[in-house]
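Below is one structure, written out as structure tokens; comments come after it.
The values are calculated or read from the model by the stated rules, or taken from the named source; none is laboratory data. These figures come from a predicted structure and were not determined experimentally. Cβ placement follows ideal geometry from the backbone for every residue including glycine, while neighbour counts extend to all protein chains displayed. Note: areas computed on protein heavy atoms with side chains; ligands, DNA, RNA excluded. Shrake-Rupley method; radii C 1.70, N 1.55, O 1.52, S 1.80 Å.
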Amino acid sequence: MGIGGGIAAYKACDLASKLVQASHEVFPVMTDSATQFVAPLTLRALTGNPVGVKSTDEPVGTLSHVKMAHWAEMLVIAPLTQNLLAQLSLGLSSDLLTLIFQGYSGPSVVAPAMESEMWLSPQTQTRLEELKRARVVSVVGPNTGRLASGRSGPGRMAEPSEIMNAVWSLTRPKTLQGRVILITAGATWEYFDPVRILTNPSTGTVGLSLSRELSARGARVIVVHGPRMEEPFWPGVEYQEVVSAKDMLEAVEENISEADTLIGAAAVSDFRPAKPFSEKQKKEQLDLLWPMTANPDIMSEMGAKYHDSKVLVGFAAETDQVLSAAKEKLLRKHLDAVIANKVGPSRGFGDSEYEAQIILREGASSHLHCSSKEELANCVADLLGTLRPKVGQKSYP
Ligand code: C5P
């Protein structure tokens, strides 16, 4: 982990701690000016490893620049100051950190942090473009927000959690490169009147976890989701918010031509009020037998149109007879796979544990016990690697 000499170096301490907590072994290497902002002892205590500063320091363990450049599997540089960026890009090696970088050929994550004018200057942008051309570099941020000068603008270092996401993303196998995956997620809202809705307890976390994993595996991911879904939304994923089932169907129809795969993770409302009111209805006026009408079944409609040309994966959340219901859905909706899981008042929606079964068109099925929705996303990503895009699609590696 490289730390440049800018005020954002204080956030590098949190990042170092988060990297260690995620089971990475972290060797901090600071520029001389970084040590003016944060004491090397702080990073030593957080990582449990010696901190490198000067190239002339006596090598400690892996801390010779040659050994370090070969040992490291990833280089994370945060904050990346303008001076440091220029040095890395120009191939200069004036201290331990730049020496390591020049001798290193693996992937890097860099988090630029500087005043807005410095960030926007043509020199900085040119250096960054050259660095990206020459190396495998994932650039996180900078964000727009309050800067050390007190002013607001672009140049604020990305948050440690965003940098962690980029680090995680680089470690994922790029098995879905070239694929374009459309996901529906969350619950839909069906309005009775402006203050009353019909919806369900879906939180959308399965769809969001899927979007993160599939995007990290190299796919272009578009998520069409219901309203007010809880974050996190992941960088690099395209999110489109809709309200009702009809809106969701429209958005899916707009995007499906670009996609080779559709995953229906949304809990779509099966019905909607037949005659919604544009004005709030007084309680006394409410007819408790509100007439309803059926919503379109998005996966069924897409299955009917695209089962020959797209990979279609549905979900089946059931309270009982999970397997037979899932198999019936797979056939009726013309899907390639269904992920079946048991739900109830206290399980399934928003849970962290996820018990599921993947059922394939060919009749095969496999049981999944996932301790998290991230693990489920990982299994679905593996599954998609085996379900190749169909005829009419470009060929993929
Ligand atoms: O029939 P059921 O709602 O249980 O089917 C679940 C699957 O169908 C999920 O993949 C869900 O996203 C999708 N679905 C849909 N449109 C609906 C209802 C469900 O796309 N109106």
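Total residues in region 248-257 satisfying the condition of being within 9 Å of the ligand (Cβ to nearest atom) and in contact with a Leu (Cβ under 9 Å, 6 or more places away or on another chain): the figure is 1.
Residues in region 237-259 that are in contact with a Phe, Trp or Tyr (Cβ under 8 Å, 6 or more places away or on another chain) and in a loop (DSSP other than H, G, I, E, B): Val243, Ser244. Screening the candidates Trp234, Trp290 for the property of being closer than 28 Å to Val167 by Cβ, aromatic (Phe, Trp, Tyr), touching a residue at least 60 places away in the same chain (Cβ under 8 Å) and in a loop (DSSP other than H, G, I, E, B) yields one hit, Trp234.
Number of residues in region 258-270 that are hydroxyl-bearing (Ser, Thr, Tyr) and either more than 15 Å from the ligand (Cβ to nearest atom) or closer than 13 Å to Lys246 by Cβ (or both): the value is 1.
I'd like the residue in region 38-78 that is open to solvent by 80 Å² or more (accessible area, probe 1.4 Å) and in contact with a Pro (Cβ under 9 Å, 6 or more places away or on another chain) and, out of all such residues, is modelled with the lowest pLDDT. Across region 38-78, the extreme among qualifying residues is Lys67. All of (1) within 27 Å of the chain's Cα centre (by Cα); (2) open to solvent by less than 70 Å² (accessible area, probe 1.4 Å); (3) more than 20 Å from Arg156 (Cβ to Cβ) hold for His24 with one exception: (2). Here Ala294 qualifies as within 12 Å of the ligand (Cβ to nearest atom), in the same structural domain as Ala251 (by TED's automatic domain parsing) and farther than 22 Å from Val343 by Cα.
Taking region 301-312, which residues are more than 8 Å from the ligand (Cβ to nearest atom) and aliphatic (A, V, I, L, M)? Of everything in region 301-312, those that are more than 8 Å from the ligand (Cβ to nearest atom) and aliphatic (A, V, I, L, M) turn out to be Ala304, Val311, Leu312.
When Gln87 is tested against (1) open to solvent by less than 20 Å² (accessible area, probe 1.4 Å); (2) without any contact (Cβ under 8 Å) to a residue 60 or more places away in the chain; (3) polar (S, T, N, Q), exactly one condition is not met: (1).
Checked against (1) crowded, with 22+ Cβ neighbours inside 10 Å; (2) assigned to a loop (DSSP other than H, G, I, E, B), Gly5 meets all criteria but (1). Just one of (1) within 13 Å of the ligand (Cβ to nearest atom); (2) farther than 18 Å from Ile183 by Cα; (3) at pLDDT 95 or above fails for Pro273. It is (1).
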